[in-house]
1. Kindly indicate whether any position in the stretch 158-166 is in contact with a Lys or Arg (Cβ under 9 Å, 6 or more places away or on another chain), assigned by TED's automatic domain parsing to the domain that holds residue 85 and on the phi > 0 side of the Ramachandran plot.
2. When you look at residue 187, is it in contact (Cβ under 8 Å) with a residue 24 or more places away in the chain and closer than 17 Å to residue 57 by Cα, yes or no?
3. Please give the helices (runs of 4 or more DSSP H) falling wholly within the stretch 89-200 in which 1 or more residues are exposed (fewer than 14 other Cβ atoms within 10 Å of the Cβ).
4. Would you call residue 64 surrounded by fewer than 13 Cβ atoms within 10 Å (Cβ to Cβ) and either over 17 Å from the mean Cα position of the chain (by Cα) or more than 25 Å from residue 144 (Cα to Cα) (or both)?
5. Here is a list: 91, 99. Which entry is over 22 Å from residue 190 (Cα atoms) and within 12 Å of the chain's Cα centre (by Cα)?
6. From the residues in the stretch 67-79 that are within 26 Å of the chain's Cα centre (by Cα) and hydrophobic (A, V, I, L, M, F, W, C), which one is farthest from residue 140 (Cα to Cα)?
7. Would you check which residues across the stretch 4-14 are in a helix (DSSP H, G or I) and loosely packed, with under 10 Cβ neighbours inside 10 Å and list them?
8. Taking residue 43 as the residue in question, decide whether it is in the same structural domain as residue 190 (by TED's automatic domain parsing), under 30 Å from residue 109 (Cβ atoms) and not small (Gly, Ala, Ser).
Amino acid sequence: MTSLLSSLSRTVHVSVIISIILFVGFFFHNEGFAFDRLFWSWLARYTHVLVGIMWIGLLWYFNFVQIPNMAKIPDEHKPAIGKVIAPAALFYFRWAAAFTVISGLILAGLNGYLHDAMTLSVGSGIPKHTAIGIGMWLGLIMAFNVWFVIWPNQKRALGMVECEPDLKAKSAKTAMLFSRTNTLLSIPMLLTMVAAQNLY
């Protein structure tokens, strides 16, 4: 067990295998099910939840753990964060954001509410679509911030892109403020997503 859990790759592979076994068990327990729109909708939702957890989890790690504690780290240890941990975290952070949006749009399309939700159900007046639509727009704004504001500024702040010291400091501040903006939006966004699934 120690050998398994000491390797992230092996841990993830075993987790996927367990998930497949559970899926096959559900399949036969249910006497099979069609690989129809309902199935693909479920798969899109499962993917959406998985990558969404990674995205928001890393967002909260940055804002609740890394940023507040950076000042407490001795200067000689800070390169470990800036050169190793932060770039790795930002890789998963930005791609999780992208796949959360993509899988969410696919899910909405499969379930037939994509257009109505994106227009906040102004024409049809379906409260569920208004709720999920607000969440979708908040998620799109947050993903835009990740790719077009936070990531470019973090590259300068972390020294991945050469720039003047003043611009580096300004970029770090901008990245922090937009990351904090995403944290502000994340709780209302999650509320609308859960409300759409459970209150209507």
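The values are calculated or read from the model by the stated rules, or taken from the named source; none is laboratory data. Nothing here was measured: the structure is a model prediction, and the numbers come from that model. Backbone-built Cβ (ideal geometry, glycine too); neighbour counts: all protein chains shown.
1. The answer is yes, given that some residue of the stretch 158-166 is in contact with a Lys or Arg (Cβ under 9 Å, 6 or more places away or on another chain), assigned by TED's automatic domain parsing to the domain that holds residue 85 and on the phi > 0 side of the Ramachandran plot.
2. On the way: in contact (Cβ under 8 Å) with a residue 24 or more places away in the chain: no; closer than 17 Å to residue 57 by Cα: yes.
Taking the combined requirement at face value, the residue does not satisfy it.
3. On the way: elements: 114-118, 127-145, 151-157, 165-198.
Result: 127-145, 165-198.
4. Numbers: surrounded by fewer than 13 Cβ atoms within 10 Å (Cβ to Cβ): yes; either over 17 Å from the mean Cα position of the chain (by Cα) or more than 25 Å from residue 144 (Cα to Cα) (or both): no.
No; evaluated as a whole, the condition is false for this residue.
5. Working: 99 fails: over 22 Å from residue 190 (Cα atoms).
Result of the check over 91, 99: 91.
6. Across the stretch 67-79, the extreme among qualifying residues is 70.
7. The initial filter retains those residues of the stretch 4-14 that are in a helix (DSSP H, G or I), namely 4-5, 8-14.
Answer for the stretch 4-14, where residues must be in a helix (DSSP H, G or I) and loosely packed, with under 10 Cβ neighbours inside 10 Å: 8, 9.
8. Details: in the same structural domain as residue 190 (by TED's automatic domain parsing): yes; under 30 Å from residue 109 (Cβ atoms): yes; not small (Gly, Ala, Ser): yes.
Answer is yes for this residue.
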